[in-house]
1. Sort out for me the Cα centre separation of region B:1-78 from region A:65-93, rounded to whole Å.
2. Got a sec? Which residues in region B:52-79 would a label at B:Leu3 touch, if it sits 7 Å along Cα→Cβ and we count backbone N under 19 Å?
3. Based on other C-beta atoms within 10 Å, arrange B:Leu19, A:Leu120 from fewest to most.
4. Assuming R0 = 30 Å, can you tell me the calculated FRET efficiency for the pair A:Ile108 and A:Lys41, based on Cβ-Cβ distance, to the nearest 0.05?
5. What residues have an amide H closer than 5 Å to that of B:Thr84, excluding those fewer than 5 places away on the same chain, when H is modeled at 1.01 Å from N in the peptide plane?
6. Looking at this model, which pairs from A:Lys20/B:Lys100; A:Lys14/B:Lys100; A:Lys55/B:Lys70; A:Lys66/B:Lys100; B:Lys70/B:Lys100; A:Lys20/A:Lys55 are more than 25 angstrom apart at the alpha-carbon?
7. Residue by residue, what Karplus-based ³J(HN,Hα) values in Hz, rounded to whole numbers, does region A:47-63 have, using 6.51, -1.76 and 1.60 with θ = phi - 60° and x for Gly and Pro?
8. What Cys residues in chain A have no fellow cysteine's beta-carbon under 4.7 angstrom?
Amino acid sequence: GAVVSQHPSRVICKSGTSVKIECRSLDFQATTMFWYRQFPKQSLMLMATSNEGSKATYEQGVEKDKFLINHASLTLSTLTVTSAHPEDSSFYICSAPTSGGRAWAKNIQYFGAGTRLSVL
Amino acid sequence: TQLLEQSPQFLSIQEGENLTVYCNSSSVFSSLQWYRQEPGEGPVLLVTVVTGGEVKKLKRLTFQFGDARKDSSLHITAAQPGDTGLYLCAGRRERNQGGKLIFGQGTELSVKP
């Protein structure tokens, strides 16, 4: 079964509205989660690192005010796309590494099923 | 510049053929993971390699991590239509903070019956 749950799987919204996407780790705690964006037939592009109890770390070129990240608990991170526009339409994916193991090198990172955002 | 170069980016073959996907870098990785992704879904982990020279097998899939931990390959024997999908390699750098994965460009594999 899935170890990372992402919701919703698909959302269609009007331009100018905000959309919230949830990412939950199931059966394990995740102090860190990652948010990615993916275009058709392309690889994942890391947008930001979500840190429990502190501010998210954004990758270069990603607008912090546009993509709001909140990591309020050890099992939940949310990504809010504010004032969405058609160019924000994409596939958004979250991931969470398990914390078991002594070294980051051996931690396994599990991915959510993704959210298809379509902005009209 | 792409830190992890994955090739080929597109591959269309007939059922029964063999294929190899490569991931190369000039940097050392503490570990490297291979994922398979189907349309509309998240990536699913196939394997993690952590030791230089390591070889892992998963049925018809063989994964190898280079001795210097700078490159990796995925070899599929006797490909089947069910192998169709996007294959992604992703590495974790030495001294990389926060456990971020660096992804290759992906390989879109199509296996025709």
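1. 30
2. B:52, B:66, B:68-73
3. Least crowded to most crowded, the residues run A:Leu120, B:Leu19.
4. 0.75
5. For B:Thr84, the qualifying residues are B:Val111.
6. As for pairs spanning more than 25 Å Cα to Cα, those are A:Lys14/B:Lys100; A:Lys55/B:Lys70.
7. Taking θ as phi minus 60°, the curve returns 9, 6, 10, 8, 10, 4, x, 8, 5, 6, 9, 9, 6, 4, x, 9, 7 Hz for region A:47-63.
8. Cys with no partner Cβ under 4.7 Å: A:Cys13.
We did not get these values from a lab; they are worked out from the coordinates using the rules stated. Just so we're clear, the structure is a prediction, and the values are computed from it rather than from any experiment. Counting neighbours? That spans all protein chains shown, and the Cβs are built from the backbone with ideal geometry, glycine included.
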